[in-house]
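The structure appears right after this line, and notes come after that.
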Amino acid sequence: MIKAILSDFSETILFPKDVKHHHNLNGLHRSLLAEFGNYNAWDYFVINQELLNFFKELKQTHLLYLFTSDAVQNQSQIKTKLLEVFIEIISAKEIGINKQVPEAYLYIAKKIGLKPSEILFIDDRFANLIPAKQAGFEILQYTDNNTLIKDIKAFIV
């Protein structure tokens, strides 16, 4: 039985307003910090509010965690929004384990005190889903909100 959902962040929950930054949100974040210091996140990024609202509903019955590769989630406006939904934001960079190795997922399972089979991991990149599956997690690939929400509901009934 799924007890926790571990979601990817970039290109699942947060998207760039300018498509030229597709799959480079952390690079955009670093360049904005260098140029402006503190910046208004909503001038450059779009949050997937529909998915966040769905996750808020799941918060009543499931543990929700975010797993990301770098640091854009630490921008103050973004972090505030995320912590309304997720128990914790786990950064691969901060824990020193790449998202593309099973050890990252085993580390997270141990950290949150669940068996890997009790955790559903969601990511837009299939390359990140493979090691999660190897670690024993259930997996779903994010392609769009409607499909993901339907698939999550099928997993948790």
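The values are calculated or read from the model by the stated rules, or taken from the named source; none is laboratory data. Predicted, not measured: the structure shown is a model, and the values here were computed from it. Here Cβ is always computed from backbone atoms with ideal geometry, including for glycine, and neighbour counts include all displayed protein chains. Just the protein is used for accessible areas: all its heavy atoms, side chains included, with ligands, DNA and RNA removed. Shrake-Rupley method; radii C 1.70, N 1.55, O 1.52, S 1.80 Å.
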Under 14 Å, Cβ to Cβ, from PHE137 - net charge with Lys/Arg +1 and Asp/Glu -1: +1
If you put +1 on each Lys and Arg Cβ and -1 on each Asp and Glu Cβ, how big is the dipole of the range 44-102 around its Cα centre, in Debye rounded to 20? 40 debye
Carbon plus sulfur, as percent of the 1.4 Å-probe accessible area of the chain, comes to 53 percent
Just the number please: accessible area per residue for the range 25-157, 1.4 Å probe, all protein chains included, in Å². 49 Å²
If the chain between GLN60 and ILE87 were fully extended at 0.36 nm per residue, the gain over the current Cα-Cα distance would be 8.5 nm
DSSP beta bridge pairing in the chain, given as percent antiparallel to the nearest 5: 15 percent
What helices does the chain have that are whole DSSP H segments, at least 15 Å long along their own axis by Cα, and with mean Kyte-Doolittle hydropathy of -1.0 or more? 25-36, 102-112, 145-156
Expected max-MSF residue from GLU88, GLU138, GLU35 in the GNM of the chain (alpha carbon, under 10 Å) is GLU35
In whole Å, what is the distance between the alpha-carbon centres of the range 30-58 and the range 116-157? 22 Å
